[in-house]
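Asks: This is the structure I have questions about; it appears just below.
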Amino acid sequence: SGRGDVWRDFGKHSLQMRLAGSDEQLFGVLNGVMPVSSFVGSSAPACAIYATGGVYSPGVTLVNAPPVPFLVTDVPVFHVDFDAGKAWVSKNGAFASGGNPETGVNPTWTFTPNTAFWAGATPVDGVATNTLPADASELLYALPAGYSAW
């Protein structure tokens, strides 16, 4: 497993990911104490999506199922409003269940406001990779109003 070195705990941030190699992977946001020997989403608080289907959400409240499955050609984006304690997941720019981070309706999950999260991923088959754009100029989808790149 891998965990990013940039964490967030306030404001509104979007985390776009790029899958490669295989869709046999978990990805999401997680706490900073999860050992890298564990799979992403194994320790609370976290919300991780298994690309082929399924969600691990210890310590957060899953409200609406995220749009799964994800293929290596798809772009998952986590939109997290840390101040409100709400998060949305989009797939190729589309939200499940009418979710809208700009208006705050129908989040994918809720959590205790101002909880710190890091980006993380686990390649299940040893072939999968997951990268994060280094800056906003590399983003494939526009950010919702009021959100900044992770």
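We did not get these values from a lab; they are worked out from the coordinates using the rules stated. Predicted model only: the values in this text are computed from it and were never measured. Don't worry about glycine lacking a Cβ; one is built from the backbone with ideal geometry, like all the others, and counts go over all protein chains shown.
Asks: Along the charge dipole of the chain, pointing to its positive end and built from +1/-1 on Cβ of Lys, Arg, Asp and Glu, which listed residue (V75, P35, S137) has its Cα farthest out?
Replies: Working it through, the farthest residue towards the positive pole turns out to be P35.
Asks: Any chance you could run the full-extension gain for N92 through E138? It's 0.36 nm times the residue separation minus the Cα-Cα distance, nm to one decimal.
Replies: 15.1 nm
Asks: Remind me, relative contact order of the chain in percent, using alpha carbon pairs under 8 angstrom and six or more residues apart?
Replies: Here the relative contact order equals 35 percent.
Asks: Subtracting the Cα-Cα distance from 0.36 nm times the residue separation, let me have the gained length for L71 to T103 in nm, one decimal.
Replies: Extra length from L71 to T103 when fully extended: 8.7 nm.
Asks: Report, in debye and to the nearest 20, how large the dipole of the chain comes out about its Cα centre when Lys and Arg carry +1 and Asp and Glu carry -1 on their Cβ.
Replies: Once rounded to the nearest 20, the dipole reads 180 debye.
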